[in-house]
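A short reminder: the numbers here are calculations on the coordinates, not readings from a lab. Bear in mind that the values here come from a model prediction, so they are computed numbers and not experimental data. Here the Cβ positions follow ideal geometry from the backbone for every residue, glycine too, while neighbour counts run over all protein chains shown.
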Amino acid sequence: MNFEKLLADRTELMKANAIREILKVVSKPGVVSLAGGIPSPESFPMDIFKELTDKVLTKYASGAFQYDLTEGFMPLREQVSILLETRGITATPEEVNISSGSQGVLDAVAKLLITKGDKIALEAPTYLGALSAFNPYEPTYIRMDMDEEGLVPESLEYTLKNHEIKFIYLVPTFQNPTGRTITFKRRIQIADIIKKHNALIVEDDPYSALRYKGENIPAIKTMAPDHVIYISTLSKIFAPGLRIGFYAAPKFLRQWLVLVKQGIDLHTSTFNQALAAQYLDGNYLAAHLPKIINLYKPKQAAMLTAIKEKLPQEFVCSSSDGGMFLWVTGPKGFDMIKLYHKAIENGVAFVPGKFFFTNEEEGLETMRLNYTMANEETIHMAIGKIADTIHSM
């Protein structure tokens, strides 16, 4: 049977995630991967899962295995409300909704808001998973400028003046892929701009808890609450396999997002939500997060040192105070895709930065490096191999 003729037209836009395809290659024995964007298994609180499970079974019994509200398991919504308060975001439990990872929210937002041809404004570069969620709905992307301080407010202003934008997608803190953070001063400017133009931001915040130095910066949601859908996740600070994301959105949009989710999966796993609720309620996160920070902080420092010491001076690394990634820019015109293929031959993988741009002419000389999955010694060795490969080219 010819199944291909059954496919919807939108499948032409569902390209394989470039990073997932890269990871298929780097999974081969002997290849050191600086390519993935996944938390280290060492960061999972394995020592408490049995305790959490026992408490969930005692507290909720069969209720932890029953259908539940599309909006989310109320004990978890109560705890997420408290968590958001620590981030300066005021949202009652009824104003918090749970999703199957933050990716589930991105897909729901796209399904709800994007009509073919709608203009979506985003940073250049941007998160590849968001593009995967948005692409099937056929938007037109309007790229905005970034520098070392994150999104350039003047670029946002220009974009809103000259285009009818459906929404703006940002990862303001420790951005994937660059690791950059929008400064406090710029966040104030951005909030003022979107209020002036009556625009909507989708603020994706998976990494802000992973801060290794410096002071926390308030979310844009705190500065323009009626103009922001704030999305976050427990994947980086609990366990990604549980698929627990959450969001706080203006009431009108929140109600519609619930209807969208009803048609996708009815609700996120009740048992997994109960585990997450107990994790937060029992103060386990407060005890475990410093362990995650202590795991990743020296790895990031090791990579920064190795880049400075081993890569040619023309290769510049963006500064970052946290998260999971570093972003390196080589001399103009340097082909990072060619470097990637040669580096694989030498047993090291990274992600060429070109894949994170919506403009195919951008990003050839950039690369994203992940440090969460390797130890410090391996990181030094891997950066050294990349340096040797560059010199050989």
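Taking amide H as placed 1.01 Å from N in the peptide plane, the amide H of I142 sits under 5 Å from that of I120, A121, L122, each at least 5 places away or on another chain.
For S102, the shell of other residues with beta-carbons less than 9 Å away shows a net charge of -2, using +1 for Lys and Arg and -1 for Asp and Glu. Take the chain, connect every pair of alpha-carbon atoms lying under 10 Å apart with a spring to form a Gaussian network, then pick out the residue of D107, D118, D204 with the largest mean-square fluctuation. Result for the chain, Cα springs under 10 Å: D118 fluctuates most. Under a Gaussian network description of the chain, with springs only between Cα atoms under 10 Å, the residue in K166, K111, K50 that fluctuates furthest is K50. Within the listed set N97, N162, N272, the residue fluctuating most in the Gaussian network model of the chain (springs between alpha-carbon atoms under 10 angstrom) is N162. Using the Cβ of I386 as centre and a radius below 10 Å, the other residues enclosed give a net charge of +2, where K and R count +1 and D and E count -1. Annotation: amide H-H contacts under 5 Å for V351 (H modelled 1.01 Å from N, sequence separation of 5 or more, or interchain): R368. Sequentially through region 225-237, phi angles give Karplus couplings (6.51, -1.76, 1.60; θ = phi - 60°) of x, 7, 10, 9, 9, 9, 10, 8, 7, 9, 4, 8, 10 Hz, Gly and Pro residues having no value and appearing as x.
Where Lys and Arg each count +1 and Asp and Glu each count -1, what net charge lies around L112 among other residues with Cβ under 12 Å from its Cβ? Net charge around L112: +2.
At a threshold of 8 angstrom on Cα-Cα distance, excluding pairs fewer than six apart, so keeping six or more, what relative contact order does region 66-285 reach in percent? After rounding, I find 28 percent.
Amide H to amide H, with H built 1.01 Å from N, S235 comes under 5 Å of I244, counting only residues 5 or more places away or on other chains. The charge dipole of region 66-285, taken about its Cα centre with unit charges on the Cβ of Lys, Arg, Asp and Glu (plus for the first two, minus for the last two), comes to roughly 140 debye.
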